[in-house]
Amino acid sequence: MGNNADRASEDQTVRQYRFLLRTAPLDALQAAHHEALDRLTEGARAHVLTAVQDGLVSGQRLGPGDTAAVARLVSIGERRNPRGFLDSCEPTTLRSLASAVNQSEAMFGRFAGYAAWDGVDPEPAYVGVDQGGAPQTTRLEDAGAEAKALANSHAMAVQPWAGGGF
């Protein structure tokens, strides 16, 4: 949804659904998706699961009846990889899911700010090395040096059980 032509042609129900995916609390999103998936037909749930498997590359062992797990994957997956699920979902199934989520009890009162929303999707989350909140300190020459140093420091601190000293 990069340009104005795309935004003008977007289905209003799907646009509202995208707004909720970007702004609603994760627990409310999961509850809304669980409720919505329970309302969809078995065939529609199978289409949603296929879109999760294709677009988010997860849920390979799930079935269409695993609505709680699929709801969690859609909610978290769209936060981590914006449009991953949306672009993989068949349009009529997406509209059905969007309508059911928008009308769910968990989404009641969650449209504040929708009129001012620009409709731009956020960049995907960076899923690189966890620096523990510290700024990245790894040199480009040896990106694994920091991890190696940490592993070695832990190895030196751990004493074997029969290490004596008792």
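The values are calculated or read from the model by the stated rules, or taken from the named source; none is laboratory data. Worth saying up front: this structure is predicted, and the values here are computed from it rather than measured. We place every Cβ from the backbone using ideal geometry, glycine too, and count neighbours over all the protein chains shown.
Where helices (runs of 4 or more DSSP H) fall entirely within region 5-121, those with at least 2 residues that are polar (S, T, N, Q) are at 12-23, 42-55, 67-80, 91-102.
Pairing each residue of region 41-68 that is under 14 Å from Leu97 (Cα atoms) with any residue that is among the aromatic types (Phe, Trp, Tyr) and at pLDDT 95 or above, provided the two are 6+ apart or on different chains, yields C-beta distances under 9 Å for Val48/Phe85; Ala51/Phe85; Val52/Phe85. Of all residues in region 69-118, those satisfying the criterion of being of a type in the set (Phe, Trp, Tyr) and either touching a residue at least 60 places away in the same chain (Cβ under 8 Å) or at positive phi (or both) are Phe111, Tyr114, Trp117. Tell me which residues, restricted to region 1-54, are among the basic types (Lys, Arg) and either over 18 Å from Pro91 (Cβ atoms) or modelled with pLDDT under 95 (or both). Listed by number, the residues that qualify are Arg7, Arg22, Arg39.
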